[in-house]
Structures are given as structure tokens and as C-alpha cells.
Amino acid sequence: MMKPRIIPRVINPMTNIEKLSKVPFVMFNDLAVTFYCEFTRRNSESYGAFCITNELLREYGVTADELYNVALENLKTKSSPIVRSMFEIMAEDFGMPVPPEPSMDDIMYVISNEDKNFGSCQILNSDVMSKAAQKLGGDFYVIPSSIHELI
């Protein structure tokens, strides 16, 4: 029953040492992936999720790696990732004009999710990262700018 509701969140392990002592996590590069269980859906008027603790993990009899695999699958099948250029965001959210034909070298993209909450976990979504690489024509840098988005 809980399995379809398990979602990942990425945090900075250096600034969350105390939290990481109490929760299961998996390292992804230099980020810690923690796990939450949604108890209301993101599209509802109010959203709720609780952090899965080490105590809950022992009670359920699963490992952090098992949670990670479930969370990744849910991320790929249940999340709504968005990739927008910084120009699009500035135009849509702040009413600023978009340059007529910006160069690919001048474009920064923001990756998040549809509701712009905890969207930085899209860095774990290999499908999103592959599409970004195709769009950009190869390798690129990712800057986790907050828990909500990546640049």
C-alpha cells in the first residue's frame, strides 16, 4: 500500500548531518537521497508527506537500497518533470521579454516538476537527464540550486 507513495528527495549531506543520522539515505554523487511517503497527492489542495525514518525502515524490514529503487521507479512513472529555459521562466513568471533568437550558449535551463516542489530529485531521473543531454547536444553541468529545482 505504501510502495506507490514512496518518493525521493535530495539534500545536501554536509548541512543535514543530524537529519541523516535518523533517516535512511543513499548517496548520489555528492547529494543524499532521502525518502518520503506521500499521504495526499500533489494535485490536491493540500499536500502532505512524511519522512521515512530508520525506525520505520526497521519496522518495514526493507533496506535503503530497496527504498531507493522503489522511489526511482515512482519518480519515473508518477512525477511530471518540466524543463524550461530561464528565458521562458522570466517571461512567464515575471513578464520579462524573451530575446528573439538566443544562442544555445546563452541559454540556461531549469529542471523541476510540475508543481515546483521538491523538483531537484529529477536529477535522479535518467530519462529526464538523457533528454536534456539530447536537447543540449551532449554533456552538460547540473547545478542543484535548491531542493525545488536544478539549473
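The values are calculated or read from the model by the stated rules, or taken from the named source; none is laboratory data. Everything numeric here is computed off the predicted structure, so don't read it as measured data. Cβ placement follows ideal geometry from the backbone for every residue including glycine, while neighbour counts extend to all protein chains displayed. Please note that ligands, DNA and RNA were not included when accessible areas were found on the heavy atoms of the full protein model with its side chains. Shrake-Rupley method; radii C 1.70, N 1.55, O 1.52, S 1.80 Å.
Numbers at a glance
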| quantity | calculated |
| --- | --- |
| Matching option when the condition is aliphatic (A, V, I, L, M) and modelled with pLDDT of 95 or more, among 72, 56 | 72 |
| Helices (runs of 4 or more DSSP H) wholly inside segment 54-151 that include at least 2 residues being open to solvent by 50 Å² or more (accessible area, probe 1.4 Å) and in contact with a helix residue (DSSP H, G or I) (Cβ under 7 Å, 6 or more places away or on another chain) | none |
| Subset of segment 16-37 that is in a loop (DSSP other than H, G, I, E, B), of a type outside the set (Phe, Trp, Tyr) and modelled with pLDDT of 95 or more - its residue that is farthest from residue 48 (Cα to Cα) | 21 |
